[in-house]
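Reading through the structure tokens given below for one structure.
Please treat every number below as a calculation from the coordinates, not as lab data. The model shown is predicted, which means the values in this text are computed figures rather than measured ones. Every residue, glycine among them, receives a Cβ derived from its backbone with ideal geometry; neighbour counts consider all protein chains shown.
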Amino acid sequence: MTINNIIYSISQFEHSVLAFIDVGGIVMWPLFACCLWMLWLASQIIFKSYDLSYIRTTTQTCPDWLNHRLDSIALRKAYQQQYFDLQGVKLLSMVAPLLGLLGTVSGMIAMFTAGADYGFHDPAVISAGISMAMVTTQTGLFIGLSGALLAFFWQRKLNKIQRIDLVRGYHAE
């Protein structure tokens, strides 16, 4: 595959995404931002290690009880950041379907407005509003479902890590 083919493929993909957003109307932009924000939070999961053992701050010059306390504090800070990001994903997965519903209502309003202006005998007038409503609904549900699944598995992973650290004697108090 040549560089020109790659550039052409990227250009076609960009055109397709923008056309999809255009069909959904103005509500698609917040949905798109919601999706990008969720992807950024997901990248925190992927590119930051779940194994929080790298946090351990054991030094030779400190007594054991102090090393243990420093480890606990470092773990607590790491868990707090992970849970903060997790709460962001949970929030976005709840907001996305609501934005999709807002797009549905906007599409129906556009359909009835166009029907009142041009009459309901023209299928193109009606289908534009229905298309707008369905695209935003589908996008909102897709983003919400993806976020809910991501949050579920992320929560399970954090709970597992926390149980392992409790067994080892480290706990985020």
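Just checking the listed ones, 97, 63, 30: in the Gaussian network model of the chain with Cα springs under 10 Å, the one fluctuating most is 63. Hey, what angle do you get for helix 64-118 against the long axis of the chain, alpha-carbon based, 0 to 90 degrees rounded to 10? On a 0 to 90 degree scale, this one is about 10. The phi-based Karplus calculation (6.51 cos²θ - 1.76 cosθ + 1.60; θ = phi - 60°) puts the 3J(HN,Hα) values of the range 119-126 at x, 8, 7, 9, x, 5, 5, 6 Hz, whole numbers, x for Gly and Pro.
When only the Cβ of Lys, Arg, Asp and Glu is charged (+1, +1, -1, -1), the dipole of the range 60-141 relative to its Cα centre reaches about 360 debye.
When the Gaussian network model of the chain links Cα atoms closer than 10 Å, the mean-square fluctuations of 120, 20, 112 top out at 120.
Its Cα centre serving as origin, the chain has a Cβ charge dipole (Lys and Arg +1, Asp and Glu -1) of approximately 900 debye.
The residue among 128, 40, 21 whose Cα reaches farthest toward the positive pole of the charge dipole of the chain, with charges on the beta-carbon of Lys, Arg, Asp and Glu, is 40. Figure legend: label point modelled 7 angstrom from the Cα of residue 14 along Cα→Cβ; no residues of the range 28-42 have amide N under 13 Å from it. Could you work out the percent of alpha carbon pairs in the chain separated by over 22 Å, rounded to a whole number? Result: 62 percent of Cα pairs exceed 22 Å.
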